[in-house]
Amino acid sequence: MLSASLILLASPSWAQEGNLATIEIIDIEHRSPSEIRNQLTPLLHERGYMGQIDNKLIIATTAANLDILQQRIETLDVPPRRLIVSVDFDYREPGTAAVTDSIDENTETAVTPDPAPERVQAVEGEVLTFRSASPVDDAVEVPETDPDAEPGDVGSNIQPQLLMTAEIVEQQAHISVALENIDGFSGQHTLQIPLGQWFVMNPDAEGQPILALQVDVLP
């Protein structure tokens, strides 16, 4: 973090607090300046000002408040970290018995186990796509007469899909999620979840698979 500062004469209101008014120009090297600015705004002095030019933040505030903001910037403006992201389209809580490979004695039919969670390594901010291995129960087939059907669409089932990006802020994963083909739950969602813990997105689902995701940081 590179910075240059200019000490100005204190305004009367700030002088009463025993602080000089200070202008600081801070280069943001690794992260989005606008996102860091949003994180700093709640900490800015009520009479302070914060602007942005390219990758620089221009901050006018008291010296004491500037110290607080600079400490916060040091925790936010870090190189992107590598993550482990897991998505389970049919989540079972830990300790719940899952179906295993077996033969049904009554029908002599093989029982297929639940698919394992999808797990990938990624970098903060990278767009990830996950697709369920199983189509939705009420999957719709594209009619052969549909003039808008794409090659390969005819007779194919619709699969639940999840697109997401994740960034780490302190000990939480800040996640933006777009869900498709999930009955009653498709659309955009913004989440803040603890690291290393499964988060169930649709806990109130009735008769539908439970969707859960997990984010952790690689050491």
Fill in the blank from the handout: Once both label points are put 7 Å beyond Cα along the C-beta direction, the residue 120-residue 183 separation in nm becomes 2.7 nm
Practice task
Determine ³J(HN,Hα), in whole Hz, for all residues of segment 20-30 in sequence, where each value follows from phi through the Karplus function 6.51 cos²θ - 1.76 cosθ + 1.60 and θ = phi - 60°; x replaces Gly and Pro.
Solution key: 6, 6, 10, 10, 10, 10, 10, 7, 9, 9, 10
Problem - Pairwise FRET efficiency - residue 217 versus residue 43, Cβ, R0 = 30 Å, nearest 0.05 - result: 0.80
Problem - Contour minus Cα-Cα distance for residue 72 and residue 197 (0.36 nm per residue) - result: 42.5 nm
Practice task
Within 10 Å of each residue's Cβ, count the other Cβ atoms and sort 54, 183 from fewest upward.
Solution key: 54, 183
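Coordinate-derived values only; no laboratory data. Since this is a predicted model, take the numbers as computed values, not measurements. Note that we place each Cβ from the backbone using ideal geometry, even for glycine, and neighbour counts take in every protein chain shown.
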